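**Student:** Dropping a structure here in structure tokens format, bear with me for questions.
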Amino acid sequence: MKVLVVGSGGREHALAYKLAQSHKVSKIYAAPGNGGIASIAECVAISATDVEAICNFVVENDIAFTVVGPEAPLAAGLVDALQERGRAAFGVTKDAAQLESSKGFAKNLMKKYSIPTAAYEIFDDYAAARAYVENQKFPLVVKADGLAAGKGVIIAENLADAEAALKDILLDNAFGSAGSSVVIEEFLNGEEVSVLALCDGEFILPLEPSQDHKRALDGDKGLNTGGMGAYSPVPIYTPELAEKTVKLVLEPTIAALKSEGIIYKGIIYAGLMVENGEPKVLEFNCRFGDPETEAVLYRMESDLLEAFEAVYTGSLAHYELKWSDEPAVCVVVASGGYPEAYEKGKEISGLDNVNENEAVVFHAGTKLIDGKIFTDGGRVLTVTAKGKDIAAARDKAYAAIEKISFDKAFFRHDIAHRALK
Ligand code: AMP
Ligand code: GLY
């Protein structure tokens, strides 16, 4: 069957890569795709958020299944629009996407249904927010309510930081309409784990856990980014913790949404902070994580299209996922300056020197021009490898990175450090 992948990041390259292995898939299209996706799919120049154009493309080309990668098209109602045209898709509907697109919605839902998360208050008025933070303990976390590509979260170390963050978001509109309100929450200590699970509206099927590295620089220093590398599985995510997470977080959240009249079908991503074996939710996402997906799907041995079909048809309860025992590590190679201003259009060399048995290079921000690959975004490549243990996988990923270069490339040198300490 013909399949369309919507999006253009490393996550979408990994999704297309796994879908290409399915015996059921005859052809893959990507909208808009990137330089690497172009090697396995036909890329069409349609923006991921152009709902009307994507629906028309699906109908005109008789695409049997559409897989939506990023949050923006989900929040824009792409899956709802495809459903209205009787087209099968993987991804949540617009109402379910609120779990990610409004942090206030997610926090209020968790409070109402006693799902463990940090204590918080929500404000849309600067003066009221400013008065509130005066009496709080620091560090304190200030979050823009809406979608901000992982950059709308400020860890305020003191009152001055908090004031500056509130000014940026509420007065200076640094995040546009995504910052019309803020969530101010308690700072949580512990270690983060990304738990992704398929959900068919009823049944939840967790994928293997992973751990992201949000900060730009080694030692978890520098600004928050979309994620600079990941590994899977995660030693601290024990079977007991996995069971707790399903019982205390995933099942109650899907049930809570249902009580609110929302059927959740797609992937749910719980970003957890774990302290003393207890999970608390930092955030929910309504889509696969990036770069977590590159590491997790690289370990998946099941047919990804079949798994998506099981979600679509509501038959996940009878479906089982198979995983490689080998851990995977992925390292993001980014453009100098990211997550702030960076240059694009640098030619990337050495990609052909990476042997598929050593590592796979998922492209994020790249562009194919006349047979050559150029940088086209902040996060450029996600170099992913498997090995007999996490250290071996990490060494293979870094060895592959050594073969690749572009002007002002940078990456973290300590991905998976928590698992290896
Ligand atoms: P979010 O987009 O809400 O997941 O936040 C992005 C990142 O900010 C998280 O992955 C954490 O590293 C950090 N963060 C968010 N909320 C908190 C919190 N309450 N306590 C400590 N760190 C946090
Ligand atoms: N890597 C974090 C995210 O996808 O939200």
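**Student:** Across segment 117-131, which residue is nearest to Leu250 (Cα to Cα) among those that are more than 12 Å from ligand 1 (Cβ to nearest atom) and buried (at least 16 other Cβ atoms within 10 Å of the Cβ)?
**Tutor:** Result: Ile122.
**Student:** Restricting attention to segment 10-50, report how many residues are in a helix (DSSP H, G or I) and over 22 Å from Gly289 (Cα atoms).
**Tutor:** Result for segment 10-50: 1.
**Student:** Answer yes if at least one residue in segment 181-196 is in contact with an Asp or Glu (Cβ under 6 Å, 6 or more places away or on another chain), over 13 Å from Phe123 (Cβ atoms), within 14 Å of ligand 2 (Cβ to nearest atom) and of a type in the set (S, T, N, Q), and no otherwise.
**Tutor:** Yes, there is a match, as at least one residue in segment 181-196 is in contact with an Asp or Glu (Cβ under 6 Å, 6 or more places away or on another chain), over 13 Å from Phe123 (Cβ atoms), within 14 Å of ligand 2 (Cβ to nearest atom) and of a type in the set (S, T, N, Q).
**Student:** Which numbered condition in (1) in contact (Cβ under 8 Å) with a residue 12 or more places away in the chain; (2) within 24 Å of Ala96 (Cα to Cα) is the only one that Lys18 fails?
**Tutor:** Only one criterion in (1) in contact (Cβ under 8 Å) with a residue 12 or more places away in the chain; (2) within 24 Å of Ala96 (Cα to Cα) is unmet by Lys18, namely (2).
**Student:** Scan segment 310-334 residue by residue and report those that are farther than 18 Å from Arg299 by Cβ, of a type in the set (A, V, I, L, M) and touching a Gly at 6+ places or on another chain (Cβ under 8 Å).
**Tutor:** Those that are farther than 18 Å from Arg299 by Cβ, of a type in the set (A, V, I, L, M) and touching a Gly at 6+ places or on another chain (Cβ under 8 Å): Val311, Ala334.
**Student:** OK, next. Among the residues of segment 366-419, count how many are in a loop (DSSP other than H, G, I, E, B) and of a type in the set (A, V, I, L, M, F, W, C).
**Tutor:** 5
**Student:** For segment 123-143, name all the residues that are assigned to a strand (DSSP E or B) and under 15 Å from Glu163 (Cβ atoms).
**Tutor:** Across segment 123-143, the qualifying residues are Phe123, Leu140, Val141, Val142.
**Student:** When you scan segment 283-292, how many residues do you find that are surrounded by 21 or more Cβ atoms within 10 Å (Cβ to Cβ) and either in a strand (DSSP E or B) or more than 10 Å from ligand 2 (Cβ to nearest atom) (or both)?
**Tutor:** Adding up the residues that qualify gives 3.
**Student:** Let me ask something additional. Within segment 308-332, can you find the residues that are surrounded by 14 or more Cβ atoms within 10 Å (Cβ to Cβ) and either in a helix (DSSP H, G or I) or out of contact with any Phe, Trp or Tyr (no Cβ under 8 Å at 6 or more places or on another chain) (or both)?
**Tutor:** Phe308, Glu309, Ala310, Val311, Tyr312, Leu316, Tyr319, Leu321, Trp323, Glu326
**Student:** Could you check, for segment 299-321, whether at least one of its residues is under 30 Å from Lys151 (Cα atoms), among the basic types (Lys, Arg) and touching a residue at least 60 places away in the same chain (Cβ under 8 Å)?
**Tutor:** Yes: one or more hits.
**Student:** Collect the residues in segment 293-307 that are outside any strand (DSSP E or B) and either at pLDDT below 95 or not β-branched (Val, Ile, Thr) (or both), keeping them in residue-number order.
**Tutor:** Correct list: Glu294, Ala295, Leu297, Tyr298, Arg299, Glu301, Ser302, Asp303, Leu304, Leu305, Glu306, Ala307.
The values are calculated or read from the model by the stated rules, or taken from the named source; none is laboratory data. Please read these numbers as outputs of a predicted model, since none were measured by experiment. Cβ atoms come from the backbone with ideal geometry, glycine included; neighbour counts cover every protein chain shown.
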